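The values are calculated or read from the model by the stated rules, or taken from the named source; none is laboratory data. Keep in mind that what you see is a predicted model, and the values were worked out from it rather than measured. Don't worry about glycine lacking a Cβ; one is built from the backbone with ideal geometry, like all the others, and counts go over all protein chains shown.
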Amino acid sequence: MARLTVNTQPVEFRLDAQTPLLWALREAANLTGTKYGCGTGECGACMVIVDGQAMPSCMLSLGQAEGRSVTTIEGLSPDRNHPVQQAFVAEQAIQCGFCTPGLVMAAAALLARNVNPTEADIASAITNICRCGVYPRLLRTIARAGRILRGEEPGVKVPAPVTATTPGL
């Protein structure tokens, strides 16, 4: 059993301690925003924030996560209005969307440490792979999110998702 905090909630996983955190989140906790990409920690699709640091969840076992605080894309902002999420929408930095949760988490961790990163800071902190090639927009996105966090630019309204439970559908 591994006890940790996931998205501010205490969680106990009754899985083998060697189970990758990625699979515990996706399969046991039904937090499917964290994606499986490469399984080697190189692509960043499975990025989560662990004790304030962006980490690939495919490389962290439940035993290693014991007692730690984990934030997934679902826990970053319950209403999807985190400045990084707002900036991704505003800069149209989303293409197929597969890598987006990992990119958002890596960017959020960077901006939590450094609200005014240089291009070099961004390049060294964001090592995620995006096969659609959003990198030029990604630089603008992170710069914009930093301005929002610094209060230099207002946030943008992120539309609510349309679901089958939305009244009128």
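Would you mind finding the one in VAL70, VAL104, VAL84, VAL89 that is touching a strand residue (DSSP E or B) at 6+ places or on another chain (Cβ under 9 Å), part of a helix (DSSP H, G or I) and either modelled with pLDDT of 95 or more or surrounded by fewer than 19 Cβ atoms within 10 Å (Cβ to Cβ) (or both)?
VAL104
Take the residues in the range 136-159 that are surrounded by fewer than 16 Cβ atoms within 10 Å (Cβ to Cβ) and over 14 Å from PRO83 (Cβ atoms), then tell me which one is modelled with the highest pLDDT.
Selected residue: PRO136.
Starting from the range 94-120, keep only residues that are without any contact (Cβ under 8 Å) to a residue 60 or more places away in the chain, then list their pairs with residues that are acidic (Asp, Glu) whose Cβ atoms are within a distance under 9 Å, requiring at least 6 positions of separation or different chains.
Pairs found: LEU110/ASP121; ASN114/ASP121.
How many residues are crowded, with 19+ Cβ neighbours inside 10 Å and in contact with a Ser or Thr (Cβ under 7 Å, 6 or more places away or on another chain) if we restrict to the range 32-46?
Looking only at that region, the number is 3.
Among the residues of the range 1-29, which ones are in a loop (DSSP other than H, G, I, E, B) and either more than 18 Å from GLY52 (Cβ to Cβ) or of a type in the set (Asp, Glu) (or both)?
The answer is MET1, ARG14, LEU15, ASP16, ALA17, GLN18, THR19, ALA29.
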